[in-house]
């Protein structure tokens, strides 16, 4: 797996390519913890892009769910978009939500453009063009990824 992440204005994004190992799952959860400390004073949205990601193990799902649960003030999370080229995305979000009931809008998408457009409807200060350009520059081969 390869993990990329960043921030464009009020949009925190992560792009995961391939499967998690234990260290990478911990790194992903640590990113959620860092984001959670920054959400106390401003509204944000979260974009998670998963490409060729198999279903995480129960341990990895719990690790991620615990990190989300630990966000001190979820009222500032205006939306979470999960994008995947695989139908496994719905299973991932469902499995995580067994542990953590979302208190913010969440939706699964089959392509990044739709996910970012939805996030900009949740928080109009999000610039879909800027977010996608930044991810395209940060993630090698992003423009060649195939989406359903």
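Looking for whichever is surrounded by 14 or more Cβ atoms within 10 Å (Cβ to Cβ) and at pLDDT 80 or above here; the options are 93, 63, 53. Which one fits? So that I can check it myself, show each step before the final result.
Values: 93 fails: at pLDDT 80 or above; 53 fails: at pLDDT 80 or above.
Only one candidate passes the filter, namely 63.
Do the conditions hold for residue 7, that is, is it touching a strand residue (DSSP E or B) at 6+ places or on another chain (Cβ under 8 Å) and either modelled with pLDDT of 85 or more or not in a loop (DSSP other than H, G, I, E, B) (or both)? Yes, satisfied. Considering the conditions (1) assigned to a helix (DSSP H, G or I); (2) within 23 Å of residue 114 (Cα to Cα); (3) in contact (Cβ under 8 Å) with a residue 40 or more places away in the chain, residue 32 is excluded by exactly one of them, (3).
Any idea how many residues of segment 10-29 are in contact (Cβ under 8 Å) with a residue 40 or more places away in the chain and not in a loop (DSSP other than H, G, I, E, B)? Can you show your working first?
Within segment 10-29, the subset in contact (Cβ under 8 Å) with a residue 40 or more places away in the chain is 10-11, 13, 15, 17, 20.
This time we only want the ones that are not in a loop (DSSP other than H, G, I, E, B), so: 11, 13, 15, 17.
Qualifying residue count for the region: 4.
Restricting the search to segment 118-142, which residues are surrounded by fewer than 16 Cβ atoms within 10 Å (Cβ to Cβ) and within 16 Å of the chain's Cα centre (by Cα)?
First, pick out the residues of segment 118-142 that are surrounded by fewer than 16 Cβ atoms within 10 Å (Cβ to Cβ): 121, 124-125, 129-130, 133, 136-138, 140-141.
Selection gives 136, 138.
Looking at this structure, is residue 115 modelled with pLDDT of 90 or more, assigned to a helix (DSSP H, G or I) and within 11 Å of the chain's Cα centre (by Cα)? Yes; evaluated as a whole, the condition is true for this residue. Would you check which residues across segment 18-31 are surrounded by fewer than 19 Cβ atoms within 10 Å (Cβ to Cβ) and touching a strand residue (DSSP E or B) at 6+ places or on another chain (Cβ under 8 Å) and list them? Listed by number, the residues that qualify are 18, 24, 27, 31.
Kindly indicate the residue of segment 35-50 that is outside any helix (DSSP H, G or I) and modelled with pLDDT under 80 and also nearest to residue 106 (Cα to Cα) among those meeting that condition.
Of segment 35-50, the ones outside any helix (DSSP H, G or I) are 39-50.
Subset that is modelled with pLDDT under 80: 39-41.
On the way: 39: 17, 40: 19, 41: 21 Å.
Among residues in segment 35-50 that are outside any helix (DSSP H, G or I) and modelled with pLDDT under 80, the one nearest to residue 106 (Cα to Cα) is 39.
The values are calculated or read from the model by the stated rules, or taken from the named source; none is laboratory data. Nothing here was measured: the structure is a model prediction, and the numbers come from that model. Here the Cβ is made from the backbone with ideal geometry for all residues, glycine too, and neighbour counts use every protein chain on show.
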